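Have a look at the structure below before the remarks.
The values are calculated or read from the model by the stated rules, or taken from the named source; none is laboratory data. Only a predicted model underlies this, so the values are computations on that prediction, with no experimental measurement involved. Note: ideal-geometry Cβ built from the backbone for every residue, glycine included; neighbour counts use all protein chains shown. SASA here: full protein model, heavy atoms, side chains in, ligands and nucleic acids out. Shrake-Rupley method; radii C 1.70, N 1.55, O 1.52, S 1.80 Å.
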Amino acid sequence: MLPKTTRTGQLNGTCTSSVDMELFLHYSLIPSLFIILILSFLQRREHRRQRDDTSYLLGNRFGIIMPLDFVGTFSNRWSYGIAFGATANKVMFLFSEGYQPLQIPQWAQAFELLIGGLEVGLSHFPFFACLSSEFQLVSSTLGFCYSLIWFAVTILQVSQCPHGQFVGKYETLVFYWPSLLCLAFLLGRFLYMFVKALRVHLGWELQVEEKPVLEAHQAEHVKQLLRTPHSQEEKKSWFQTRIYEWDPCFQFPSRMIGTIVLAFICLYLFIVIEFCMFVYVRDELDMFENKLESYITSVNHSGILTPGILQVKELISVTKGVWVATILPASLTCVSYLFHILVCYRKHIKRLWAGDKHFLPLRFHNPASSESVVAIARYSGWQIAYILWGYLIIHVVQSLCGMAIMYGLVLPIVHKQGLEMLRGLGIGILTISIVVGLMILQMWIAASFFLQPKLGTADKQKPLALNNRKAFHNFNYFLFFYNVLLGLGACLSRLFISCLLGTWLIARIDRTIMQSGYEGADMGFSAWIGMLYVDHYHTNPVLVSFCHILITDHRERKLQQTTKYWCLNQLAGPRVSARSRTRWLLLQTLINNPRLVMLRKSKLGHSSQESQILMTCSES
């Protein structure tokens, strides 16, 4: 648990701000609910209720507001990502369990965290709702005003208490500049939306068509599949071969972009908080070292505890130096993981599109639908938590490795014990070399004397057929006792390598660290697989293209029927009113489908008359 001063970001020892960010978060729910009600009033429901339903009085108003499509949104991706970035400070408060809106017992802390998460989500809901609303003239105005309120309050907070007791000058700005940058971007985005919507409203620009079912990159992907592959592929650069190759026929969904942006900002804030904690611990250790130095001075460097105290001081000094030195490599490791997650997402989802499931464990070939739906809701939050905890674990492991290097190589040279260190290092390397050499020798003997010759000249290796069986059995017998001792070292090396790889890859949610057969115990990997399946089933370009063809064909048929009726109405003859034409078309529909009469709303005497008319028409 982090101290209160660190958790809240108010790291000012003597400064008292007039703005309480937690109190402002509570009050921000009022304009948030007001904006949600306005957008819900403008949003029309697709299906109206029946008269016996109480919601029928609302008409088709007050539809459900959707912040963003977590599955199929490919447009406006970076705006949603920046909106997620604006929530980074509050997400870090939730991650450190520092935001507790209620005082409830310890056993019900999970409910308190749930309530806190819902409150944070509701307070930032208008950012996403205003970005995704169809009524851009109103939503851009509301979104601009709401973003401006958050921006002004954050600026006031930073300007009143800019400095702190850990980082020093501009400490509060160090914590809040990512959120300020995101809010400034949202202000510009809402202003651009307002100007564009106003020009459309005034008739200066054409109205943008509704969101297409088939995105442009999905259509290009299907076209690429239908093309004949080229015999000669273009020569790729070293960056494209080894690191990343851009694919114009693929786009990451908004969920992935928002997750990565928020993970970057949360990782930055986590590193800053960790550094603040390090400064606090370092100051405490410096005070402890001063006390030890005072004791050594008081006994005139002749006390019994003096050698031990000097070793403790050396340990503290080495630990502080190694911890600071490993901040950068641990940070770069987690940053590389974030980019690598995007690469793995594209690689895995393309394999699923092609019907290839061999890269998945066998039990994940047909996951439960409910697990996949829950997984896509869990993935983004779990990915951020895995990155943050993974950074801390990787930092600790790298620090331990640094300590081992310092005590094994550097400090012996500092204490003028370099020759002894080199002698011990040489003996260790020689021992390992002999063991590895004996293992290689066993392989060479087995390949040279105990296997039959190759069946053909083109074979890469000899067949698995024993030769010189008597010598082989003697070989096994005499090496049996030696391999018992060798197996002990192999077991320890297995444990060491498993721990090292497990801690090193703990932040990689796309790769399980469990052994084969136990992948189901890795909840993070299960969330990754479930998320991939949901995206595969809902954004597969071939499937979306097929649905697009069906919808387009249906619209064309409907347009042809409408055109046919319009042409009939334009023929020469007596003019018929629109109401009479509609009733005639209704009668024609009911004659062709008599069962629809029973489903129509009943009026006094009308249903029986319609039934008689239909019976007469059908008999004639």
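Straight-line cross-link reach from Lys90 at under 16 Å between alpha-carbon atoms covers these lysines, not counting any fewer than eight positions away in the same chain: Lys4.
Between Tyr477 and Arg199, the contour length at 0.36 nm per residue exceeds the alpha carbon distance by 91.1 nm.
With Rh defined as the Kirkwood radius, the inverse of the mean 1/r over Cα pairs, the Rg/Rh of the stretch 327-460 is 1.18.
Could you tell me which of the pairs Lys169/Lys320; Lys223/Lys350; Lys291/Lys313 are separated by over 20 angstrom between their Cα atoms in the structure shown? Checking Cα-Cα distances, Lys169/Lys320 exceed 20 Å.
Each Cα pair under 8 Å and six or more residues apart adds its sequence gap; the mean of these over the residue count of the stretch 122-218 is a relative contact order of 28 percent.
For the pair Cys499 and Phe135 in one chain, pulling the backbone fully straight at 0.36 nm per residue adds 125.6 nm over the alpha carbon distance.
How far is it, in nm, from the label point at Phe546 to the one at Thr457 when both lie 7 Å from their Cα along the line to the Cβ? Output for this residue pair reads 5.2 nm. Calculate, for Ser75 and Phe339, the FRET efficiency according to 1/(1 + (r/R0)^6) with r their C-beta to C-beta distance and R0 25 Å; round to the nearest 0.05. Working from the Cβ atoms, E equals 0.65. Only Cα pairs under 8 Å and 6+ residues apart enter the sum, and on that basis the relative contact order of the stretch 485-553 stands at 15 percent.
Calculate, in nm to one decimal, what Ser516 and Trp389 gain on full extension: separation in residues at 0.36 nm each, minus their alpha carbon distance. Don't skip to the answer; put the middle values down first.
Working: separation 127, 0.36 × 127 = 45.72 nm, distance 2.41 nm.
Gain on extension, Ser516 to Trp389, equals 43.3 nm.
For Lys462, which lysines qualify as cross-link partners when the Cα separation must be under 23 Å and same-chain residues fewer than eight apart are set aside? Correct list for Lys462: Lys454, Lys470. Between Phe275 and Ile104, the FRET efficiency from the beta-carbon distance, with R0 = 35 Å, is close to 0.60. Modelled spin labels at Tyr27 and Ala465, positioned 7 Å past Cα toward Cβ, are 8.9 nm from each other.
Using 1/(1 + (r/R0)^6) with R0 = 22 angstrom and r between the beta carbons of Tyr407 and Tyr170, what's the FRET efficiency to the nearest 0.05?
Once the sixth-power term is evaluated, E becomes 0.05.
Measuring only protein heavy atoms, the 1.4 Å probe finds Phe481 accessible over about 120 Å². Using only Cα atoms, locate the centre of the stretch 116-164 and the centre of the stretch 376-452, then give the distance between them in Å, rounded to an integer. The two parts, judged by their Cα centres, are 49 Å apart.
Out of every Cα-Cα pair that the stretch 451-529 contains, those further apart than 17 angstrom amount to 69 percent.
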